[in-house]
Amino acid sequence: MLPDKKGGVKQARHYERENSIVAHVINNLTCSMRFEGDLNVDLNEITMNMVPFPRMHFLLSSLSPLYSVLSPGHAYQPRSIDDSFREAMEKPNQLIQQANPMEALYLACGLIVRGDKVQVSDITRNVEKLQKRLRMASWNMEGFKVGHCNRPPLQQPYSLLALSNNTCTRSIMQRLRSRFMKIYKQKVFVHHYLEFMEQSHFDHCL
């Protein structure tokens, strides 16, 4: 539910919620380029640390607290920074609905924290907890990239964006391929593309 211009309440459209989530992800991802921080990181560093092999470049993202993004008019509920780190790794906060990285293997993990009340000691403590909790690849047991921006998001004391290079993306890709094949076998919508490419290109990608 979102407040309208007359002071009432209107029902949020689905695309408004999705747009809000995307905007917050990009906002947190690029915050170090716009504001000062103790551990600022840029996009080049994230790519270098999060993608061990060129073909393993599918990153999962999660936000905490997520309720503030879905319901901007909702009053802030006190949460500790430890709760935010814990929630960011759980399935309900993953921005891909059927992704559950806790049941798969982490190749690398990136954490971007915003908030002037968050101390480096808070981040260090929680990263140590995650190292014990997450299943990391044996060749990258300490594969955490951490960023800290001093400027908190609007109407929030702090927030956390977690980026995960996780093997659970394999099952996601398999589901997409399975659904695509059901359509492609019947050549549904293929004619829209044949003006620009050969049908053999589809077969080559399979």
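Bear in mind these aren't lab numbers, they're just calculated from the coordinates by the rules spelled out. Fair warning: this is a prediction, and the values are worked out from it, not measured in the lab. Note that each Cβ is placed from the backbone with ideal geometry, even for glycine, and that neighbours are counted across all protein chains shown.
Candidate cross-link partners of residue 185 among the aspartates and glutamates, defined by an alpha-carbon separation under 20 Å and a same-chain spacing of 8 or more, comprise 195, 198, 203.
Net charge in the neighbourhood of residue 95 (other residues with Cβ under 12 Å of its Cβ; Lys, Arg +1, Asp, Glu -1) is +1. By the beta carbon rule, with partners counted only under 4.7 Å, the chain holds these lone Cys residues: 109, 168, 205.
When the chain is treated as a Gaussian network with alpha carbon springs shorter than 10 Å, the biggest mean-square fluctuation among 174, 97, 186 belongs to 186.
With the helix formula -39500 (n - 2.57) applied to DSSP H stretches of n ≥ 4, the chain reaches a computed 222 nm mean residue ellipticity of -10500 deg cm²/dmol.
First check a/c for the chain, with a ≥ b ≥ c the square roots of the eigenvalues of its C-alpha gyration tensor; if it is under 1.5, answer rounded, and if not, answer prolate when a/b is larger than b/c or oblate otherwise.
Oblate, because a/c is 1.5 or more while a/b does not exceed b/c.
The length gained by stretching the chain between residue 135 and residue 34 to full extension, at 0.36 nm per residue less their Cα-Cα distance, is 33.0 nm. Ordered by the count of other Cβ atoms within 10 Å of each Cβ, fewest first, 172, 112 give 172, 112. For the chain, DSSP calls about 70 percent of its internal beta bridges antiparallel.
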